[in-house]
Amino acid sequence: MAEVLVYVDHVDGAVRKPTLELLTLARRLGEPVAVALGNGAADTAATLAEHGAVKVLTHDASEYAEYLVVPKVDALQAAHEAVSPAAVLVPSSAEGKEIAARLALRIGSGIITDAVDLEAGDEGPVATQSVFAASFTTKSRVIKGTPVITVKPNSAAVEAAPAAGAVEALAVTFSDKATGTKVTARTPRESTGRPELTEAAIVVSGGRGVNGAENFSIIEALADQLGAAVGASRAAVDAGWYPHTNQVGQTGKSVSPQLYIANGISGAIQHRAGMQTSKTIVAVNKDAEAPIFELVDYGVVGDLFDVVPQLTEEIKTRKG
Amino acid sequence: MSLRIVVTVKYVPDATGDRHFADDLTVDRDDVDGLLSELDEYAVEQALQIAEDADDAEVTVLTVGPEDAKDALRKALSMGADKAIHVEDDDLHGTDAIGTSLVLAKAIEKAGFDLVVSGMASTDGTMGVVPALVAERLGVPQVTLLSEVSVEDGTVKGRRDGDAASEQLEAQLPALVSVTDQSGEARYPSFKGIMAAKKKPVESWDLSDLDIEAEEVGLEGAFTKVETAAARPARTAGTIVKDEGEGGKQLAEFLASQKFI
Ligand SMILES: Cc1cc2nc3c(=O)[nH]c(=O)nc-3n(C[C@H](O)[C@H](O)[C@H](O)COP(=O)(O)OP(=O)(O)OC[C@H]3O[C@@H](n4cnc5c(N)ncnc54)[C@H](O)[C@@H]3O)c2cc1C
Ligand SMILES: Nc1ncnc2c1ncn2[C@@H]1O[C@H](COP(=O)(O)O)[C@@H](O)[C@H]1O
């Protein structure tokens, strides 16, 4: 059976959820062979095996942390040469897309980014994408070389599918370009204890209507009752009320949760671009004409300062 | 020694217009008004600031696109860029990211450069891969997705706010950078700028000027193929209630019915 390379996104050996979703998709196309790089690479093996990786190729070197992107491209290219896979799947993070693109160019292949679904086709994998702020759905194929496809978080379910997950050392020789861009300092993001925005099953967002940094505590309280991540519109971020890392939309994160709750957000096209593929959409907005209501499964026309705290309380009561 | 900066800018269909596909499943560029991609205005802005801080610098804006793409160049010139290059060729219709990066890289090499400045993503394709591809082709360091950038003594430095961490990056020129919309508001063209732009040189190049064969680009040269494109079915109209004091409770009831609580 054909092998499919899966690039592993992990933090010091802890595999991030989108990679496990990739393994689910990879199993539709062939046998997943995972590639884990950098500090803790070998520690990823058990989790990857549990989710279907037949092999885990690992390599650790200081270059992965000290230089941007290119060392990882060198390694993925080495893995591609070693395995001759039927496809290469990479999580659609900003870095993932850059790694995938450079790999595709080097191996003479086409690249598809931000797939939301993948299926095996007669002529190779078919990727579903959601374009023009999710107003269109396309199906595309890579028609030259080994398909390189980046996949958005929440595009597939994480499934247990135990496989061998045999760890093998990957031999990597870094190119002379690998050390071109030095990372001179790194400040890890402080954990809020809430789920990762792009990975969360529920996202609760606040916009200009939240009207102040201090009022975001209302949004956070609802999020915490639901075990949700907190998002923000660009208007709220630009006003300095919430960090840019939490921005949802074209120039922020693209999210696709089971449930998206927009509070005090009008629903501008650039915001919709980042949340329109959410399964269930709910909005609270005091303007009945706000475009966000065109998208909702359930909407409340009202003041968020009344509705949101009442909702939070009600959930608390119901949970007992 | 002059610092040669090339800014890559894309002409895109207006995101607030009714964007759709043409019969050949390429982006329809005829029915929707186009403009300089807003995200590339940030690239022009940072290039101008870097140029202003340098002793001697020249900013060239470069676009690959149809006839109308000149509008995007004109806008960048009126913001303050010195000259423009327009790569236009009928055979470019349908070019994908890999092909676009080839044309850009060849044009940048022909123009001569110390620094390339790109936007974080185009507002139509939103792939965010062209800068990485161009860096790979040019064989220069990629210093991408910067929310802060500066150039001093032949070194470019910047801050990249990634998913897991914020990183300080550094590379020697020649290099390619891309900047995000966090890098600082782009200036509005002044009346003087708009007038001056009319006299600034715009060079037109076609594929033969860049030694690129027609088969390498366009639909024919594409590495990917869109097989189907369908308008997303309109969402079935949801339930909308007016808060009369029980809105939060009603919403909780809905969430419970959907098993979210
Ligand atoms: C290139 C580009 C990229 C962009 N990228 C993004 C992006 O990534 N993400 C993004 O979000 N935007 C983005 N934008 C900005 C986008 O166009 C909108 O300006 C932005 O989304 C508006 O945010 P908002 O809905 O919070 O604010 P507004 O549009 O001002 O809406 C606020 C809403 O809150 C409601 N409201 C006010 N008070 C209350 C209350 N007490 N209770 C209930 N409702 C209330 C109002 O009725 C209104 O509908 C981008 C724009 C451009 C040009
Ligand atoms: N046709 C084009 N002409 C000039 N620059 C482009 C073109 N396409 C993409 N770019 C540049 O590459 C960046 C990222 O584009 P993309 O990878 O398409 O999202 C843009 O912000 C531009 O700076």
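So which residues in region B:59-72 are more than 10 Å from ligand 2 (Cβ to nearest atom) and either within 14 Å of another protein chain (Cβ to nearest Cβ) or closer than 21 Å to B:Tyr188 by Cα (or both)?
B:Val59, B:Thr60, B:Asp68, B:Lys70, B:Asp71
Residues of region B:230-256 being within 7 Å of chain A (Cβ to nearest Cβ) and surrounded by fewer than 19 Cβ atoms within 10 Å (Cβ to Cβ), which ones?
Selection gives B:Ala230, B:Ala231, B:Arg232, B:Arg235, B:Gly238, B:Thr239, B:Ile240, B:Val241, B:Lys242, B:Lys249, B:Ala256.
Filter region A:246-283 for residues that are at positive phi and buried (at least 24 other Cβ atoms within 10 Å of the Cβ); which is modelled with the lowest pLDDT?
Step by step, filter region A:246-283, then rank; the result is A:Gly249.
Cβ-Cβ under 7 Å, sequence separation 6+ or interchain: first residue in region A:217-244 and on the phi > 0 side of the Ramachandran plot, partner part of a strand (DSSP E or B) and modelled with pLDDT of 95 or more. Which pairs?
A:Gly227/A:Ile202
Tell me which residues, restricted to region A:14-40, are touching a Phe, Trp or Tyr at 6+ places or on another chain (Cβ under 9 Å) and either among the hydrophobic types (A, V, I, L, M, F, W, C) or crowded, with 19+ Cβ neighbours inside 10 Å (or both).
Residues satisfying the conditions are A:Thr19, A:Leu22, A:Ala34, A:Val35, A:Ala36, A:Leu37, A:Gly38.
Might you let me know whether region B:203-226 holds any residue that is over 30 Å from A:Gly108 (Cα atoms) and without any contact (Cβ under 8 Å) to a residue 24 or more places away in the chain?
no
Within the bounds of region B:35-43, is there any residue that is at pLDDT below 95 and more than 16 Å from ligand 1 (Cβ to nearest atom)?
The answer is no; no qualifying residue exists.
For A:Ala290, work out the one condition from (1) out of contact with any Ser or Thr (no Cβ under 7 Å at 6 or more places or on another chain); (2) more than 16 Å from ligand 2 (Cβ to nearest atom); (3) in contact (Cβ under 8 Å) with a residue 12 or more places away in the chain it doesn't fulfil.
(1)
Condition (residue is part of a helix (DSSP H, G or I), within 16 Å of ligand 1 (Cβ to nearest atom) and touching a Phe, Trp or Tyr at 6+ places or on another chain (Cβ under 8 Å)) applied to region B:68-78: is it met by at least one residue?
Yes - at least one qualifying residue is present in region B:68-78.
Of the conditions (1) in contact with an Asp or Glu (Cβ under 7 Å, 6 or more places away or on another chain); (2) closer than 18 Å to A:Lys182 by Cβ; (3) outside any helix (DSSP H, G or I), B:Ala132 fails just one. Which one is it?
Of everything listed in (1) in contact with an Asp or Glu (Cβ under 7 Å, 6 or more places away or on another chain); (2) closer than 18 Å to A:Lys182 by Cβ; (3) outside any helix (DSSP H, G or I), B:Ala132 misses just condition (3).
Where in region B:138-199 are there strands (runs of 3 or more DSSP E), lying wholly inside it, with at least 1 residues that are away from chain A (no Cβ under 13 Å) and over 19 Å from the mean Cα position of the chain (by Cα)?
Result: B:142-152.
Take the residues in region A:199-245 that are in a strand (DSSP E or B) and away from every other protein chain (no Cβ under 14 Å), then tell me which one is surrounded by the most Cβ atoms within 10 Å (Cβ to Cβ).
Looking at residues that are in a strand (DSSP E or B) and away from every other protein chain (no Cβ under 14 Å), I get A:Gly231.
Give, as residue ranges, the strands (runs of 3 or more DSSP E) completely inside region A:1-117 that count at least 1 residues that are charged (D, E, K, R).
Per the criteria, A:3-7, A:31-37, A:55-59.
Output the qualifying pairs, or none if there are none: Cβ atoms under 8 angstrom, residues six or more apart or on different chains, first residue in region A:1-14 and over 11 Å from A:Val33 (Cβ atoms), second residue at pLDDT below 95 and surrounded by fewer than 23 Cβ atoms within 10 Å (Cβ to Cβ).
A:Asp9/A:Ser93; A:Val11/B:Ala164
Here is a yes/no grid of residues against (1) aliphatic (A, V, I, L, M); (2) away from ligand 1 (no atom under 16 Å from the Cβ):
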{"residue": "A:Ala160", "(1), (2)": "yes, yes"}
{"residue": "A:Ala163", "(1), (2)": "yes, yes"}
{"residue": "A:Lys177", "(1), (2)": "no, yes"}
{"residue": "A:Ala185", "(1), (2)": "yes, yes"}
{"residue": "A:Val204", "(1), (2)": "yes, no"}
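Just the residues that are among the acidic types (Asp, Glu) and under 22 Å from A:Val73 (Cα atoms), please, taken from region B:91-136.
B:Asp96, B:Glu136
Can you name the condition, by its number, that A:Leu311 falls short on among (1) more than 10 Å from chain B (Cβ to nearest Cβ); (2) part of a helix (DSSP H, G or I); (3) over 23 Å from the mean Cα position of the chain (by Cα); (4) hydrophobic (A, V, I, L, M, F, W, C)?
Every condition holds for A:Leu311 apart from (1).
Filtering region A:56-77 down to residues that are more than 12 Å from every other protein chain (Cβ to nearest Cβ) and buried (at least 24 other Cβ atoms within 10 Å of the Cβ), which residue is nearest to B:Ser178 (Cα to Cα)?
Result: A:Pro71.
Taking the options A:Glu95, A:Glu119, name whichever one is within 23 Å of A:Ala49 (Cα to Cα) and either modelled with pLDDT of 95 or more or at the interface with another protein chain (Cβ under 7 Å from one of its Cβ atoms) (or both).
After applying the criteria, what remains is A:Glu119.
Determine whether A:Gly252 is facing chain B (nearest Cβ under 10 Å), touching a helix residue (DSSP H, G or I) at 6+ places or on another chain (Cβ under 9 Å) and near ligand 1 (Cβ under 6 Å from one of its atoms).
Criteria met by A:Gly252.
The values are calculated or read from the model by the stated rules, or taken from the named source; none is laboratory data. These figures come from a predicted structure and were not determined experimentally. As a convention, Cβ positions derive from the backbone with ideal geometry for all residues, glycine included, and neighbour counts pool all protein chains shown.
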